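J.: One structure coming up, written as structure tokens, with questions to follow.
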Amino acid sequence: MKFLDLTKQYQSIKEEIDTAIKRVLDKGVFINGKEVSLFEEEMADFCQAKFAIGVNSGTDALYLSLKALDIGSEDEVITTPFTFIATAEAIANCGAKPVFVDIDSSLNIDSSQIKINEKTKAIMPVHLFGRQAKIDAKVNVIEDSAQAIGLPLSGTLACFSFFPSKNLGGYGDGGMVVTNNQELADKIRLLKNHGSSPDNKYLNLVLGTNSRLDTIQAAILRVKLQYISKWNVQRKEAAQYYSNQLKDIVKVPDNNNIFHQYTIRVANRDKLKDYLRASDIPTMIYYPIPLHLQPVFKYLGYQQGDFPEAEKASQEVLSLPIYPDITKEDQDDIIKKIKEFYA
Ligand SMILES: *Cc1c(COP(=O)(O)O)cnc(C)c1O
């Protein structure tokens, strides 16, 4: 069994994808062009937002959003310690200080514990595994929506990833920033393309970088965007099927979720993981080390015990295979083995 089988999805839309790729090859425009601008418009619509800007990755979407808000050294950005490294990495790469706040039982940042001071320039919540983090703040909110395509824009900016394993995955790297703020949208457009003036490529207005979304990826993602709502429903159905069968045995996730991951919590997690692996059932641990305990963030001065909920979660979480094309047979095997383990 595979944890994630991307070939099944490709086979189901192969003709449309191949046609889209061929269209780009035949046209010979590989950077920017119509495919990218149309995909941006379609994503803005999908997120019920005014502007969408394609970038190179979800990581760059976060980084460029911080840059667009002029966040740098001396500044602090509040985020969760229970996420993928990219969230806090983007903050630190801007020269700002990531300030962690513990999570609650939803596995998202506990907004009741957020304390804003004069250095706090933004909050970067993560909609972890596809469950919406609710933030009501007086500072800018940069949503890390890498795992949450399907949720409408709720912050100042929302950052998406098209990493192949994400709900809307490309066939390579890609990302997008979505916002209703024209000034920020224009700034990200400049930053992602060497600060080049829209009217004159060789007039560089600000210090930028190269973080464009590939034309081929945009063409592929335009095809896949048409299916994302259906795929998100299929994920939800698969999740419901797991939950109905497992809810009396393990702690199952809340149904209010688009299920990028289906993550259960159990006390003897590592034993269960080994047991399932022995039956050819792959599982994943997202995330085994909370960010405040990562060597790279040692300089921030956090210690074991600082965020007990995040630390506990990292010991208890186990993600089961979930994707739109997962079969009932595979799910039944997984459920059976989990029940067997607890019997
Ligand atoms: C995948 C992911 C990212 C980074 O996206 P890339 O496109 O791989 O750079 C950032 N944050 C979270 C929570 C993610 O899951």
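Where a number appears in this text, it was derived from the coordinates with a stated rule and is not lab data. All figures in this text were calculated on a predicted structure; none of them were measured in a lab. Cβ placement follows ideal geometry from the backbone for every residue including glycine, while neighbour counts extend to all protein chains displayed.
J.: Stick to Cα atoms and the Kirkwood definition of Rh, then tell me Rg/Rh for the range 79-167.
T.: With Rh from the inverse mean 1/r over Cα pairs, Rg/Rh is 0.93.
J.: If you don't mind, another one. If you bin every alpha carbon distance in the range 194-343 into 5 Å steps from zero, what whole percent lands in each bin?
T.: Once binned at 5 Å, the Cα pair distances of the range 194-343 give 2, 8, 13, 14, 12, 11, 11, 11, 8, 4, 3, 2, 1, 0.
J.: Could the peptides 180-187, 160-167, 88-95 be put in order, highest first, of the mean number of other beta-carbon atoms found within 10 Å of their residues?
T.: Values: 180-187: 16.1, 160-167: 22.1, 88-95: 20.6.
Per-residue Cβ counts within 10 Å, averaged per peptide and sorted highest first, yield 160-167, 88-95, 180-187.
J.: Now, a different point. So what's Rg/Rh here for the range 246-314, counting alpha carbon atoms and using the Kirkwood radius for Rh?
T.: On the way: Rg = 14.7 Å, Rh = 14.2 Å.
The Rg/Rh ratio comes out at 1.03.
J.: Using the basic label-point model (7 angstrom from Cα toward the beta carbon), what is the GLU74 to SER105 distance in nanometres?
T.: For GLU74 paired with SER105, the spin-label model returns 4.3 nm.
J.: Take every DSSP beta bridge whose two residues both sit in the chain, then give the antiparallel share in percent to the nearest 5. Present the calculation step by step, with values, prior to reporting the outcome.
T.: Working: 21 of 36 bridges.
Of the beta bridges lying entirely in the chain, close to 60 percent run antiparallel.
J.: For LYS2 paired with LYS337, estimate the spin-label separation in nm (one decimal), with each label point 7 Å from Cα along the Cα-to-Cβ line.
T.: 1.7 nm
J.: A follow-up question, please. Lys and Arg at +1, Asp and Glu at -1: add these up for the other residues within a Cβ distance under 13 Å of ILE31 and post the number. Mind dumping the intermediate values first?
T.: Working: positive: LYS27, LYS34, LYS192, LYS201, ARG212; negative: GLU35, ASP214.
With Lys, Arg at +1 and Asp, Glu at -1, the net is +3.
J.: Taking N as the number of residues in the range 17-123, what value does Rg over Cα atoms divided by 2.2 N^0.38 Å take?
T.: Rounded to two decimals, the normalised Rg is 1.39.
J.: Need the full-extension length gain, ALA92 to THR19, defined as separation in residues times 0.36 nm minus the C-alpha distance. One decimal, nm.
T.: Length gained, ALA92 through THR19: 22.2 nm.
J.: Express as a percent, rounded to the nearest 5, the fraction of DSSP beta bridges in the range 136-192 (both residues included) that run antiparallel.
T.: Bridges in the range 136-192 are about 55 percent antiparallel.
J.: In terms of the ratio Rg/(2.2 N^0.38 Å) built on C-alpha atoms, what value belongs to the range 184-230?
T.: Ratio of Cα Rg to 2.2 N^0.38 Å: 1.49.
J.: If you don't mind, another one. Rounded to the nearest 0.05, what FRET efficiency do LYS50 and LEU203 have when you use their Cβ-Cβ distance and R0 = 45 Å?
T.: The value I calculate is 0.95.
J.: Along Cα→Cβ, 7 Å out, is where each label goes; now give me the distance between the ones at SER165 and ASP248 in nm to one decimal.
T.: About 3.3 nm separates the two model spin labels.
J.: How big is the convex hull of the Cα atoms of the chain, per residue, in Å³?
T.: On the way: hull volume 46.1 nm³, N = 343.
In the chain, the Cα hull volume divided by residue count equals 134 Å³.
J.: Quick one: give the max-minus-min coordinate of the C-alpha atoms of the range 218-259 along each principal axis, largest first, in Å.
T.: Principal axes ranked by extent give 44, 13, 12 Å for the Cα atoms.
J.: Another one. I need the peptides 2-14, 233-245 ranked by packing, meaning the mean over residues of other C-beta atoms within 10 angstrom, with the highest value on top.
T.: 233-245, 2-14
J.: A further question on this structure: Averaged over every viewing direction, what's the projected area of the C-alpha convex hull for the range 120-205? Give it in nm², one decimal, please.
T.: Seen from a random direction, the Cα hull of the range 120-205 projects 6.9 nm² on average.
J.: Follow-up. Take every DSSP beta bridge whose two residues both sit in the range 47-151, then give the antiparallel share in percent to the nearest 5.
T.: 10 percent
J.: Another one. Taking Cα centroids, how far is the range 248-309 from the range 19-49 in Å?
T.: 36 Å
J.: Can you bin every Cα-Cα distance in the range 144-256 into 10 Å intervals starting at zero and give me the percent of pairs per bin, rounded to whole numbers?
T.: 12, 31, 31, 15, 7, 3, 0
J.: Continuing with the same structure: Mind putting a number on the dipole of the range 138-191 about its Cα centre? Charges go on the C-beta only, +1 for Lys and Arg and -1 for Asp and Glu, and I need it in Debye to the nearest 20.
T.: 40 debye
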